[in-house]
Amino acid sequence: MTSISSLDIIQRENRDFKKVGIMGGTFDPIHYGHLVIAEQIRCEYQLDKIIFVPAGNPPHKLDADVSNSKHRYFMTLLATVTNPFFEVSKIEMEEDEISYTIHTLTKLKKIFSEDVQLFFITGADAICDIENWKDVEVLVTMCDFIAATRPGLESPNLEEKIQQLQHKYNSSIRKMDVPALAISSTDIRCRVREGQSIKYLLPESVEYYIYKHGLYR
Ligand code: ATP
Ligand code: MG
(Lines give C-alpha, C1' and ligand atoms only; values in the text may rest on other atoms or scores of the structure.)
(Ligands and ions follow the chains in the order given, each with its own letter.)
Protein backbone atom coordinates (compact mmCIF):
# COMPACT_ATOMS: atom_id res chain seq x y z
CA MET A 1 0.00 0.00 0.00
CA THR A 2 1.40 3.36 -0.93
CA SER A 3 -0.83 5.88 0.82
CA ILE A 4 0.38 7.82 3.83
CA SER A 5 0.03 5.85 7.04
CA SER A 6 -1.44 7.40 10.15
CA LEU A 7 1.91 6.97 11.87
CA ASP A 8 3.48 9.24 9.25
CA ILE A 9 0.90 11.81 10.22
CA ILE A 10 1.67 11.41 13.91
CA GLN A 11 5.37 11.86 13.23
CA ARG A 12 4.82 14.90 11.02
CA GLU A 13 2.56 16.59 13.49
CA ASN A 14 5.17 15.93 16.14
CA ARG A 15 2.63 16.18 18.89
CA ASP A 16 3.70 15.96 22.46
CA PHE A 17 2.66 12.41 23.26
CA LYS A 18 3.61 10.97 26.59
CA LYS A 19 1.53 7.79 26.79
CA VAL A 20 0.39 5.79 23.80
CA GLY A 21 -1.70 2.61 23.73
CA ILE A 22 -1.17 -0.02 21.05
CA MET A 23 -4.18 -2.21 20.30
CA GLY A 24 -3.24 -5.19 18.15
CA GLY A 25 -5.76 -7.55 16.63
CA THR A 26 -6.94 -9.30 13.51
CA PHE A 27 -10.07 -7.11 13.54
CA ASP A 28 -11.95 -9.47 11.22
CA PRO A 29 -14.18 -7.58 11.86
CA ILE A 30 -13.54 -4.94 14.54
CA HIS A 31 -16.44 -4.82 17.06
CA TYR A 32 -17.63 -3.02 20.19
CA GLY A 33 -15.61 -5.36 22.43
CA HIS A 34 -12.40 -3.92 20.95
CA LEU A 35 -13.64 -0.33 21.04
CA VAL A 36 -14.88 -0.46 24.61
CA ILE A 37 -11.64 -1.83 26.03
CA ALA A 38 -9.56 0.70 24.08
CA GLU A 39 -11.65 3.65 25.23
CA GLN A 40 -11.85 2.50 28.83
CA ILE A 41 -8.09 1.96 29.04
CA ARG A 42 -7.44 5.30 27.33
CA CYS A 43 -9.50 7.09 29.97
CA GLU A 44 -8.21 5.11 32.95
CA TYR A 45 -4.54 5.51 32.02
CA GLN A 46 -4.92 8.96 30.48
CA LEU A 47 -3.37 7.87 27.22
CA ASP A 48 -2.79 10.54 24.57
CA LYS A 49 -3.54 8.15 21.71
CA ILE A 50 -4.56 4.61 20.96
CA ILE A 51 -3.12 3.15 17.79
CA PHE A 52 -5.04 0.22 16.35
CA VAL A 53 -2.72 -2.12 14.48
CA PRO A 54 -4.57 -4.60 12.27
CA ALA A 55 -2.45 -7.73 11.94
CA GLY A 56 -0.83 -8.24 8.56
CA ASN A 57 -0.29 -12.00 8.52
CA PRO A 58 -1.13 -13.12 12.07
CA PRO A 59 1.04 -16.13 13.02
CA HIS A 60 -1.76 -17.80 15.00
CA LYS A 61 -4.18 -17.60 12.09
CA LEU A 62 -1.98 -18.65 9.13
CA ASP A 63 -4.18 -21.65 8.33
CA ALA A 64 -7.39 -19.75 8.97
CA ASP A 65 -9.43 -17.95 6.36
CA VAL A 66 -8.58 -14.36 7.34
CA SER A 67 -10.12 -11.55 5.27
CA ASN A 68 -7.95 -9.47 2.99
CA SER A 69 -5.92 -6.96 5.02
CA LYS A 70 -7.38 -4.01 3.08
CA HIS A 71 -10.89 -4.91 4.21
CA ARG A 72 -9.75 -5.27 7.83
CA TYR A 73 -7.90 -1.97 7.64
CA PHE A 74 -10.91 -0.11 6.18
CA MET A 75 -13.29 -1.58 8.75
CA THR A 76 -10.91 -0.52 11.53
CA LEU A 77 -10.77 2.99 10.06
CA LEU A 78 -14.56 3.21 9.83
CA ALA A 79 -14.97 2.06 13.42
CA THR A 80 -12.44 4.47 14.88
CA VAL A 81 -12.95 7.59 12.78
CA THR A 82 -15.34 9.23 15.26
CA ASN A 83 -12.86 9.08 18.14
CA PRO A 84 -10.19 11.81 17.94
CA PHE A 85 -7.89 9.76 20.19
CA PHE A 86 -7.92 6.69 17.93
CA GLU A 87 -5.60 6.14 14.97
CA VAL A 88 -5.07 3.14 12.70
CA SER A 89 -1.67 2.00 11.56
CA LYS A 90 -0.74 0.02 8.46
CA ILE A 91 2.59 -0.89 9.95
CA GLU A 92 1.87 -4.64 9.80
CA MET A 93 0.19 -4.46 6.42
CA GLU A 94 3.11 -3.02 4.54
CA GLU A 95 5.01 -6.29 4.60
CA ASP A 96 4.36 -9.80 3.33
CA GLU A 97 6.11 -11.47 6.25
CA ILE A 98 4.37 -13.02 9.24
CA SER A 99 3.54 -10.18 11.63
CA TYR A 100 5.04 -10.83 15.02
CA THR A 101 4.19 -8.37 17.79
CA ILE A 102 7.84 -8.11 18.80
CA HIS A 103 8.75 -6.75 15.34
CA THR A 104 5.84 -4.30 15.42
CA LEU A 105 6.75 -3.01 18.88
CA THR A 106 10.38 -2.63 17.85
CA LYS A 107 9.34 -0.48 14.89
CA LEU A 108 6.92 1.58 16.97
CA LYS A 109 9.51 2.21 19.65
CA LYS A 110 11.79 3.68 16.99
CA ILE A 111 9.03 6.01 15.81
CA PHE A 112 8.27 7.46 19.23
CA SER A 113 10.84 9.25 21.31
CA GLU A 114 12.26 7.46 24.35
CA ASP A 115 10.17 9.33 26.87
CA VAL A 116 6.92 8.06 25.33
CA GLN A 117 5.50 5.24 27.43
CA LEU A 118 3.90 2.51 25.31
CA PHE A 119 1.07 0.31 26.61
CA PHE A 120 0.20 -2.84 24.70
CA ILE A 121 -3.49 -3.64 25.11
CA THR A 122 -4.79 -7.20 24.91
CA GLY A 123 -7.79 -9.21 26.00
CA ALA A 124 -7.50 -11.79 28.76
CA ASP A 125 -7.40 -14.66 26.26
CA ALA A 126 -4.42 -13.12 24.47
CA ILE A 127 -2.41 -12.53 27.65
CA CYS A 128 -3.02 -16.12 28.73
CA ASP A 129 -1.59 -17.27 25.40
CA ILE A 130 1.34 -14.83 25.34
CA GLU A 131 3.97 -17.42 26.20
CA ASN A 132 3.37 -18.87 22.74
CA TRP A 133 4.23 -15.53 21.11
CA LYS A 134 7.59 -15.01 19.45
CA ASP A 135 10.42 -14.03 21.83
CA VAL A 136 8.03 -13.59 24.75
CA GLU A 137 10.85 -12.99 27.26
CA VAL A 138 11.96 -9.88 25.35
CA LEU A 139 8.50 -8.86 24.21
CA VAL A 140 7.00 -8.50 27.69
CA THR A 141 9.82 -6.25 28.84
CA MET A 142 9.54 -3.86 25.89
CA CYS A 143 6.52 -1.96 27.19
CA ASP A 144 3.71 -2.11 29.73
CA PHE A 145 0.93 -4.60 29.04
CA ILE A 146 -2.72 -4.17 29.97
CA ALA A 147 -4.96 -7.23 29.92
CA ALA A 148 -8.68 -6.48 29.70
CA THR A 149 -11.13 -8.98 31.15
CA ARG A 150 -13.14 -10.81 28.52
CA PRO A 151 -16.33 -12.73 29.26
CA GLY A 152 -16.36 -16.28 28.03
CA LEU A 153 -12.70 -16.33 27.09
CA GLU A 154 -11.26 -15.36 30.45
CA SER A 155 -9.08 -17.80 32.26
CA PRO A 156 -10.44 -18.32 35.81
CA ASN A 157 -6.97 -17.64 37.18
CA LEU A 158 -6.11 -14.54 35.14
CA GLU A 159 -4.64 -12.75 38.12
CA GLU A 160 -2.49 -15.74 38.95
CA LYS A 161 -1.34 -15.93 35.34
CA ILE A 162 -0.43 -12.24 35.31
CA GLN A 163 1.53 -12.57 38.55
CA GLN A 164 3.35 -15.59 37.21
CA LEU A 165 4.30 -13.75 33.99
CA GLN A 166 5.45 -10.66 35.91
CA HIS A 167 7.59 -12.75 38.19
CA LYS A 168 9.04 -14.98 35.47
CA TYR A 169 9.92 -12.19 33.00
CA ASN A 170 10.17 -9.18 35.31
CA SER A 171 7.52 -7.43 33.24
CA SER A 172 4.72 -4.96 33.91
CA ILE A 173 1.30 -6.46 33.19
CA ARG A 174 -1.86 -4.95 34.62
CA LYS A 175 -5.34 -6.33 34.69
CA MET A 176 -8.19 -4.06 33.70
CA ASP A 177 -11.83 -4.79 34.47
CA VAL A 178 -13.96 -3.52 31.60
CA PRO A 179 -17.73 -3.66 31.10
CA ALA A 180 -18.30 -7.23 29.95
CA LEU A 181 -19.11 -7.52 26.27
CA ALA A 182 -19.33 -11.13 25.15
CA ILE A 183 -18.70 -10.22 21.53
CA SER A 184 -16.19 -11.93 19.26
CA SER A 185 -15.31 -11.59 15.59
CA THR A 186 -15.74 -15.36 15.25
CA ASP A 187 -19.34 -15.08 16.39
CA ILE A 188 -20.00 -12.13 14.08
CA ARG A 189 -18.60 -14.01 11.06
CA CYS A 190 -20.72 -16.99 11.99
CA ARG A 191 -23.87 -14.88 12.28
CA VAL A 192 -23.29 -13.32 8.85
CA ARG A 193 -22.74 -16.75 7.31
CA GLU A 194 -26.00 -17.95 8.83
CA GLY A 195 -27.94 -14.83 7.86
CA GLN A 196 -28.46 -13.71 11.47
CA SER A 197 -28.43 -10.10 12.65
CA ILE A 198 -25.17 -8.49 13.74
CA LYS A 199 -26.78 -5.18 14.62
CA TYR A 200 -25.49 -3.51 17.81
CA LEU A 201 -22.46 -5.81 18.03
CA LEU A 202 -20.33 -3.45 15.97
CA PRO A 203 -20.59 0.06 14.47
CA GLU A 204 -23.24 0.40 11.78
CA SER A 205 -20.67 1.63 9.26
CA VAL A 206 -18.77 -1.64 9.66
CA GLU A 207 -21.98 -3.64 9.40
CA TYR A 208 -22.77 -1.95 6.07
CA TYR A 209 -19.20 -2.42 4.86
CA ILE A 210 -19.49 -6.17 5.51
CA TYR A 211 -22.71 -6.44 3.49
CA LYS A 212 -21.49 -4.17 0.71
CA HIS A 213 -18.39 -6.29 0.16
CA GLY A 214 -20.05 -9.62 0.77
CA LEU A 215 -17.68 -10.57 3.57
CA TYR A 216 -18.10 -13.78 5.64
CA ARG A 217 -20.67 -15.39 3.39
P1 ATP B 1 -11.53 -13.84 16.69
O2 ATP B 1 -12.79 -14.44 17.25
O3 ATP B 1 -11.45 -13.85 15.19
O4 ATP B 1 -10.28 -14.34 17.36
P5 ATP B 1 -11.64 -11.54 18.42
O6 ATP B 1 -13.02 -11.09 18.74
O7 ATP B 1 -10.93 -12.37 19.46
O8 ATP B 1 -11.63 -12.27 17.01
P9 ATP B 1 -9.19 -10.23 17.82
O10 ATP B 1 -8.98 -9.35 16.65
O11 ATP B 1 -8.66 -11.62 17.81
O12 ATP B 1 -10.80 -10.28 18.07
O13 ATP B 1 -8.77 -9.52 19.17
C14 ATP B 1 -7.87 -8.48 19.30
C15 ATP B 1 -7.65 -8.22 20.79
O16 ATP B 1 -8.88 -7.78 21.40
C17 ATP B 1 -7.24 -9.49 21.56
O18 ATP B 1 -6.27 -9.09 22.52
C19 ATP B 1 -8.53 -9.93 22.21
O20 ATP B 1 -8.29 -10.64 23.40
C21 ATP B 1 -9.22 -8.60 22.50
N22 ATP B 1 -10.70 -8.71 22.51
C23 ATP B 1 -11.49 -9.04 21.47
N24 ATP B 1 -12.79 -9.02 21.83
C25 ATP B 1 -12.83 -8.69 23.14
C26 ATP B 1 -13.91 -8.52 24.10
N27 ATP B 1 -15.18 -8.72 23.77
N28 ATP B 1 -13.57 -8.16 25.37
C29 ATP B 1 -12.27 -7.97 25.71
N30 ATP B 1 -11.21 -8.13 24.87
C31 ATP B 1 -11.48 -8.48 23.59
MG1 MG C 1 -9.18 -13.47 18.98
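The values are calculated or read from the model by the stated rules, or taken from the named source; none is laboratory data. Keep in mind that what you see is a predicted model, and the values were worked out from it rather than measured. No Cβ is skipped: glycine too gets one built from the backbone with ideal geometry, and neighbour counts run over all protein chains shown. Accessible surface areas use protein heavy atoms only, side chains included; no ligands, DNA or RNA. Shrake-Rupley method; radii C 1.70, N 1.55, O 1.52, S 1.80 Å.
The table below gives the values:
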| read-out | value |
| --- | --- |
| Test result for ARG174, of a type in the set (D, E, K, R) and within 16 Å of ligand 1 (Cβ to nearest atom) | yes |
| Residue selected from the stretch 44-66 under the condition assigned to a loop (DSSP other than H, G, I, E, B) and open to solvent by less than 20 Å² (accessible area, probe 1.4 Å), by the criterion modelled with the lowest pLDDT | PRO58 |
| Number of positions in the stretch 104-133 that are free of Cβ contacts under 8 Å to residues at least 12 places away in the same chain and not acidic (Asp, Glu) | 2 |
| The stretch 14-36, residues that are in a strand (DSSP E or B) and near ligand 1 (Cβ under 6 Å from one of its atoms) | GLY25 |
| Residue in the stretch 16-33 that is surrounded by fewer than 20 Cβ atoms within 10 Å (Cβ to Cβ), of a type outside the set (Asp, Glu), farther than 20 Å from THR106 by Cα and modelled with pLDDT of 95 or more present | yes |
| Any hit, the stretch 84-101, residues being away from ligand 2 (no atom under 16 Å from the Cβ), crowded, with 18+ Cβ neighbours inside 10 Å and small (Gly, Ala, Ser) | yes |
| Conditions (1) assigned to a loop (DSSP other than H, G, I, E, B); (2) at pLDDT 95 or above; (3) open to solvent by 30 Å² or more (accessible area, probe 1.4 Å): number failed by LEU215 | (3) |
| Helices (runs of 4 or more DSSP H) completely within the stretch 106-210 that count 2 or more residues being open to solvent by less than 60 Å² (accessible area, probe 1.4 Å), away from ligand 2 (no atom under 16 Å from the Cβ) and hydrophobic (A, V, I, L, M, F, W, C) | 136-142, 158-169 |
| Hits in the stretch 164-217 - residues which are among the hydrophobic types (A, V, I, L, M, F, W, C) and in contact with a Ser or Thr (Cβ under 8 Å, 6 or more places away or on another chain) | LEU165, MET176, VAL178, ALA180, LEU215 |
